[in-house]
1. I'd like the full set of residues that are touching a strand residue (DSSP E or B) at 6+ places or on another chain (Cβ under 9 Å) and either more than 16 Å from the ligand (Cβ to nearest atom) or of a type in the set (D, E) (or both), limited to the stretch 64-81.
2. Mind checking which residues of the stretch 82-96 are more than 16 Å from the ligand (Cβ to nearest atom) and touching a Leu at 6+ places or on another chain (Cβ under 6 Å)?
3. Does A124 satisfy the criteria of being of a type in the set (A, V, I, L, M, F, W, C), surrounded by fewer than 19 Cβ atoms within 10 Å (Cβ to Cβ) and more than 13 Å from the ligand (Cβ to nearest atom)?
4. Pairs needed: first member in the stretch 123-140, farther than 21 Å from S155 by Cα; second member anywhere, of a type in the set (G, A, S); C-beta distance under 6 Å; at least 6 residues apart or different chains.
5. Quick check on the stretch 320-341: of everything there that is farther than 13 Å from A299 by Cα and crowded, with 17+ Cβ neighbours inside 10 Å, which residue is nearest to the chain's Cα centre (by Cα)?
6. What about E279, is it charged (D, E, K, R), at pLDDT 95 or above, over 19 Å from S148 (Cα atoms) and assigned to a loop (DSSP other than H, G, I, E, B)?
7. Quick one: count up the residues across the stretch 319-345 that are among the basic types (K, R) and assigned to a helix (DSSP H, G or I).
8. Pairs, please: C-beta under 7 Å, at least 6 apart or cross-chain, first residue at positive phi and in the stretch 283-298, second surrounded by fewer than 24 Cβ atoms within 10 Å (Cβ to Cβ) and not in a loop (DSSP other than H, G, I, E, B)?
Amino acid sequence: MTLRARDGVAELPLYSGGDACAVDLSDNTNLWGAPPGTSRAFAGAAARVARYPSAGAAELCAEVARYAGVTPPMVVAGCGSDDVIDSAFRAFGTPGSCVAYVEPTFSMVPVLARTNGLRPVAVAHDDDAERLLASLRASDPSIVYLCSPNNPTGSALPRAFVERVLESIDALVILDEAYGEFTTSFGFELVRTSDRLLVTRTFSKAFGLAGLRVGYGVGAASVAGTVARARGPYKVGGVAEQVALAAMRDDVSWMREHARLAIEEREWLAAQLVNRGFETMPSEANFVLLPLAGAPGVATALRSCGIGVRAFSALPGIGDALRITAGPRPMLEALLSAFDKVVRP
Ligand SMILES: *Cc1c(COP(=O)(O)O)cnc(C)c1O
């Protein structure tokens, strides 16, 4: 007898974050570093590690609720927002049903669908919102995943479109706002009036705490509670909880200031690329997507100069592209100087 994995799982690529390099602009984290209160919070939390943390990170959920303008039962925390999305797929995805999403989007979505016994259904982008809605609806999904601002394009969805999805598709709608701090986002407002929406956010991007692995979802208490049940207990470590809590309690102004810097640097980088004759996609996140034929080869060449960027090949509707995280000016200057050696326009 041979041991068989769930359909499609044995064929999944094993996620690789890429090797370390001197100037890493590949993962959209906060390249200015962690918030100032971090080391103090670490020291304070050390005494707690002999015991289990609270099963569902209750203290952190209460602080997130204040930040999001909702009540604590509307918040569910997890080991990164990946874990929250994974748990929501498990909670609301009937095995064999579909997860519909517009491509290109976050690469983990089809993977998390497969590992939960769901069918990923990628729908092509359409400027006509009603046609796009019809395509999303066509697979009769149990879950619709939307990402705004979207990874890897950087584009944000209009609020009216998300509202149309909520009123016209009978599914759990996940609105991934991992980059919500870099633009004017509306997820926290929509959850107050919808009991089919889960908005996910993370401490990994603007908050500068990717190494901690803390993310959360905000939705109706019935939605958040069901996701928490599917997630299981103790997914946020006690030290991670205390450090994330301190960041949200004391360092939101630091976070906002650095999100503003990231936007400034993103615009500077885009302008430098435009000056060189390239066209970047308009972005509302902390990165720029640069459509570029042969992007994977360019990324390999940049890596040998010590510069890490994320390459994509044949993105639907875009083609090959490089995704570059906006960081402090010297990092971007290092990127551009390597780029000028590697790419001849
Ligand atoms: C980075 C990212 C996340 C995941 O973040 P966690 O580190 O798991 O919280 C989720 N969604 C998108 C679109 C991302 O880019």
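1. The answer is A65, V70, M74.
2. F92, G93
3. On the way: of a type in the set (A, V, I, L, M, F, W, C): yes; surrounded by fewer than 19 Cβ atoms within 10 Å (Cβ to Cβ): yes; more than 13 Å from the ligand (Cβ to nearest atom): yes.
Judged against the criteria, A124 is a match.
4. So the pair list comes out as S139/A100.
5. So the residue we want is T325.
6. So E279 passes the test.
7. Here is the first cut: in the stretch 319-345, the residues among the basic types (K, R) are 323, 329, 341, 344.
Subset that is assigned to a helix (DSSP H, G or I): 329, 341.
The number of residues fulfilling the criteria is 2.
8. G294/D320
The values are calculated or read from the model by the stated rules, or taken from the named source; none is laboratory data. None of these values were measured; they are calculated from a predicted model. Every residue, glycine as well, gets a Cβ built from its backbone with ideal geometry; the counts of neighbours run over all protein chains shown.
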